[in-house]
Amino acid sequence: AFVRADRRQLHVPVGGDVTVSRASSSPVGTSVPLGANSVDTVSFDVQAGGQASTVNGVTLSLTGIGNVSNIANVYLYQGATRVTEAASVNSLGVINFTGVNFVVNGSATLSVKADVASGLSGGTVGVTLTGYSASGSAVT
């Protein structure tokens, strides 16, 4: 079986415009079947400052034991709505979303969902937010 787990919390202000932190609704580690699609891995609360802001890019990293090919595709969702096209995991375990253009007016929760490869024997994986860009500012 394939096991997933969420990891650390990131709480970084971007010029006072946007703050991102791990959501309390983030799933806890659990076993999922091989070949499972849209598996919830972690959720983040996005809080805009005094005005609406746009999240332009998101960078995630895989953590845990296993090969980067264990994850076939990764997506960002708000609720049941997918807000990005599929992103892949590069050879270093990094997932880059560019051109996200997700407008936050107040607060919103973004969820990271992944498709698990079917041809693996198992492993443990976590997804960590390592950076994002919003309102023209970048944080890493």
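Brief remarks follow.
- Per-pair calculated FRET efficiency, R0 = 41 Å: Glu85 and Ile65 via Cβ, rounded to 0.05: 0.90
- Measuring r between the beta carbons of Ala72 and Gln51 and using R0 = 35 Å, the FRET efficiency lands at 0.40.
- The share of alpha-carbon pairs in the range 24-101 lying farther apart than 14 Å comes to 69%.
Bear in mind that the values in this text are calculations on the coordinates, not laboratory data. On a predicted model such as this, the values are computed, not experimentally measured, just so you know. Virtual Cβ from ideal backbone geometry, glycine too; neighbours counted across all protein chains shown.
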